[in-house]
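The values are calculated or read from the model by the stated rules, or taken from the named source; none is laboratory data. Keep in mind the model is a prediction, meaning the values are calculated, not measured. For neighbour counting, all protein chains shown are included, and Cβ atoms are generated from backbone atoms with ideal geometry for every residue, glycine included.
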Amino acid sequence: MTDDDGKVVKTSDGTPKTCECVTENKSKQWLTGLVADITIFTYGMQTGWMSPSIQVLQGPNSPSGYPLSDYEISWIAGTVTIVAVFFCLGFSVVCDRYGRRMSLVLVAVTQAIGWIIKLISANPVCLIVSQVFVGIASAGVYTCAPLYIKEISSDSIRGSMASAGIVLQSVGTLIMFGIAPHLEYHTVLWLVTWIPVVNVLLLLKIPETPPYLVKRGKIDEARTTIASLVGLEPDSKSVNASVECLTKAQEYFDTLPKISLKRAFADKATRRAFYIGLFVVSLLDFGGNFVISIYASVIIKNSGVTVRPELQALSLPAIMIIGSLVSTVTVEKYGRKPLLISSLIINGLPMAILGILLILPTYGFEIAQWIPVLCVIITVFAYGAGVLPIPYIILMEIFNFEVRAMVFGFYVTYGWFLCFLQTIIFTPISQALGMHVIFFLFSAVNIISAICCAIWLPETKGKSLEKIQDELCAR
């Protein structure tokens, strides 16, 4: 942001106030953002492919030529998480070096390769290799897509656009759960392989983000892009003001030494933003929802409840969609902080009840079969409504352009590691101490996180980056 003399207006700690897209016509921003979000939709389909495919791959008519063993299935299923941990930081480098749009193109290409290899062969080695590409793409999805959405969207719709990606992820999973059990194995793959292929073509048509174009010295292209996104002429005052704002900020950053973690942490606002980011990613990925999404059938079975497998498979992503739609509609009205706090409480209480329900049968008590199912439904809803989307929205909003890609790569790596950690500790702790202990732990994490959010987390709804950083410096 510049003052009347054309000088860079700075925050209280000396860093420049950065610029957002001017807010006029938002339809082009939504359409452009949805093209980027197709990568998240494909991610939802690829993560949803494994569950309904296990029965096919282990059946007598397995496309692999023989029924796969549990050991082979475990490798096929586990490869994605392991690979994703090692590629997140690489995608943050790609985002900064080659642009946000081209990094999304790379994600979509990798997603297409993952499907194509599955289509060519169902040999377990080929399936593992295909899952390696899915893992690489999964590392990039939540590193690249949120960055792109942040940098092409106006403050007033930023949260809703980010939540829309979560809706599409759940829709992708639901579609896969719906079609995979009822269509032939290769028919499913033929249908879904075209989605990332078409996505690549669409991504090549959308613009690069204005901040990245300015960073590369493409000022005229940045002006044209901003004008297109907000529905104004390139020579309008509002567009010129935004371009000048971005240019002045970039000139300031160009005078500084090359960005590094040490220099980033020297900035008070960035340092506090990093701690907040670490906190929200921790509560997102260690709150128990990832375990519930994987072990829902085991949890319900251990509670003495019998649910039709196909009904259970379709119900969880459907509930996630409802929760995500609630987030999309309410996040700009009520704010990030109230939505996250309420969803953490709603998430934590049913987990405590689940823990109690898992203990009661050992003392001879009978429980109504609908109660554990309701608890799982509530936690999945809370996950979609706030626990999953809000941390990513906050991460989008609290970092400046210079460090955004770098820290996103770190956080996504950290998040995948926590997901992997949950999956490997769940079974041993459940067997040693009882499954109820795990759910009491997850409940405590959610409730304590809600209290910490109420005390410590800043509200970012509708605020520009400069205002958010000023508030962080004042804390």
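Would you say Gly355 is in contact with a His (Cβ under 6 Å, 6 or more places away or on another chain) and part of a helix (DSSP H, G or I)? So that I can check it myself, show each step before the final result.
Numbers: in contact with a His (Cβ under 6 Å, 6 or more places away or on another chain): yes; part of a helix (DSSP H, G or I): yes.
Considered against the rule, which asks whether it is in contact with a His (Cβ under 6 Å, 6 or more places away or on another chain) and part of a helix (DSSP H, G or I), Gly355 comes out as yes.
Report the residue count in segment 53-111 for those that are without any contact (Cβ under 8 Å) to a residue 60 or more places away in the chain, part of a loop (DSSP other than H, G, I, E, B) and surrounded by 18 or more Cβ atoms within 10 Å (Cβ to Cβ).
Residues flagged as without any contact (Cβ under 8 Å) to a residue 60 or more places away in the chain, part of a loop (DSSP other than H, G, I, E, B) and surrounded by 18 or more Cβ atoms within 10 Å (Cβ to Cβ) within segment 53-111 amount to 1.
So Ile149 passes all but one of these: (1) farther than 19 Å from Ala77 by Cβ; (2) at pLDDT below 90; (3) surrounded by 17 or more Cβ atoms within 10 Å (Cβ to Cβ). Which condition number does it fail?
(2)
Assuming Val200 fulfils every condition listed in (1) within 24 Å of Gln469 (Cα to Cα); (2) at pLDDT 85 or above; (3) of a type in the set (Val, Ile, Thr) apart from one, which condition is it?
Status for Val200: all satisfied but (1).
Applying the selection to segment 112-130, what residues are surrounded by 24 or more Cβ atoms within 10 Å (Cβ to Cβ) and under 28 Å from Met396 (Cβ atoms)?
Within segment 112-130, Gly114 is the sole residue that qualifies.
Give just the number: which of (1) closer than 17 Å to Thr110 by Cβ; (2) not in a helix (DSSP H, G or I) does Val141 not satisfy?
Among (1) closer than 17 Å to Thr110 by Cβ; (2) not in a helix (DSSP H, G or I), the lone unmet condition for Val141 is (2).
Pick from segment 186-216 the residues that are under 24 Å from the mean Cα position of the chain (by Cα) and of a type in the set (Ser, Thr, Tyr): which of them is nearest to Ser228 (Cα to Cα)?
Looking at the filtered set, the residue picked out is Thr209.
Here are some conditions: (1) among the aliphatic types (A, V, I, L, M); (2) out of contact with any Phe, Trp or Tyr (no Cβ under 6 Å at 6 or more places or on another chain); (3) touching a residue at least 12 places away in the same chain (Cβ under 8 Å). Val412 meets all but one. Which one does it not meet?
Exception for Val412: condition (2).
To keep it simple, each residue is scored yes or no on (1) part of a helix (DSSP H, G or I); (2) free of Cβ contacts under 8 Å to residues at least 24 places away in the same chain.
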residue: Ala368; (1), (2): no, yes
residue: Val373; (1), (2): yes, no
residue: Val380; (1), (2): yes, no
residue: Phe439; (1), (2): yes, no
residue: Phe442; (1), (2): yes, no
residue: Ile448; (1), (2): yes, yes
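In this structure, does Thr187 turn out to be among the polar types (S, T, N, Q), closer than 22 Å to Leu147 by Cα and either surrounded by fewer than 17 Cβ atoms within 10 Å (Cβ to Cβ) or touching a Leu at 6+ places or on another chain (Cβ under 8 Å) (or both)? Give the steps one after another, and end with the answer.
Values: among the polar types (S, T, N, Q): yes; closer than 22 Å to Leu147 by Cα: no; either surrounded by fewer than 17 Cβ atoms within 10 Å (Cβ to Cβ) or touching a Leu at 6+ places or on another chain (Cβ under 8 Å) (or both): yes.
Taking the combined requirement at face value, the residue does not satisfy it.
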